[in-house]
Amino acid sequence: MQIKPTLFPEVLLIQPKLFADNRGFFYESFNQAKYAELGITKTFVQDNISRSVKNTLRGMHYQVGKPQAKLVSVIKGEVFDVVVDIRENSPTFGKWFGQILDDKNNFQLYIPEGFAHGFCVLSDTADFMYKCTDYYYPEGERGILFNDPDVNIQWPIDISQAILSDKDKVYPRLKA
């Protein structure tokens with residue numbers, strides 16, 4: 001597997017080794033020993049899969065009390081995946097990084113605690129997988145506004161046409 005740099009040294013863009021032939025392809029989507037060599041030593045305890053339609057925008061989410069690190073990837077389709085540094089004492093507080101994840105590049109993104117996460121769907125549909133290091137904790141569910149002008153994420157869709165949950169529409173700004 002290859003590691004590609006991101007804006008944040010803690011956020012890892014991982015490209016698994018793909019074995020392809022006339023039958024299709026195979027790759028390891030997770031191997032605890034290999035990921036530990038990359039510095040990902042947390043134990044993943046929950047896997048989630050979401051399916052979303054084109055122009056769906058999910059985010060920007062994080063969890064307090066029981067924060068989660070995530071290893072995310074796209075099983076089918078294409079998304080623009082975004083992380084925002086929400087660590088108040090970080091020199092990159094409020095900065096964002098975005099990357100296309102799809103079923104062709106097979107990239108994975110490791111997002112440690114201290115980052116908000118979201119994505120928008122570029123294909124007709126997208127199946128998105130999350131490996132999480134802690135269980136969903138509804139009382140700790142938080143978010144920042146997807147179009148916070150202080151963060152200024154450059155979404156590659158017309159956000160006036162974005163399909164959003166009611167919660168995602170009203171999250172506070174990061175520096176509110």
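The values are calculated or read from the model by the stated rules, or taken from the named source; none is laboratory data. If you're wondering where the values come from, they're calculated on a predicted model, not measured in any experiment. The area values use the complete protein model at the heavy-atom level, side chains included, leaving out ligands, DNA and RNA. Shrake-Rupley method; radii C 1.70, N 1.55, O 1.52, S 1.80 Å.
Once backbone amide H atoms are built at 1.01 Å from N, residue 56 has 121, 163 as its partners under 5 Å, excluding neighbours fewer than 5 places away on the same chain. Only lysines eight or more places from residue 95 in sequence, or on another chain, were considered; those with a Cα closer than 17 Å are 175.
Length available on full extension from residue 142 to residue 3: 0.36 nm per residue minus the Cα-Cα distance, which gives 47.1 nm.
Accessible surface computed residue by residue for the chain, with neighbouring protein chains in place and a 1.4 Å probe, gives 54 Å² per residue. Our summary gives the range 1-132 a relative contact order of 35 percent, counting only alpha carbon pairs under 8 angstrom and 6 or more residues apart.
The phi torsions of the range 158-174, fed into the Karplus equation with coefficients 6.51, -1.76 and 1.60 and a -60° offset, translate into couplings of 6, 5, 5, 9, 5, 9, 10, 6, 4, 5, 5, 6, 10, 4, x, 6, 4 Hz, rounded to whole numbers, with Gly and Pro shown as x. Between the alpha-carbon centres of the range 2-58 and the range 85-105 there is a gap of 15 Å.
Within the same chain, lysines fewer than 8 places from residue 54 are excluded, and of the rest, those with a Cα less than 22 Å from its Cα are 76, 104, 167, 169.
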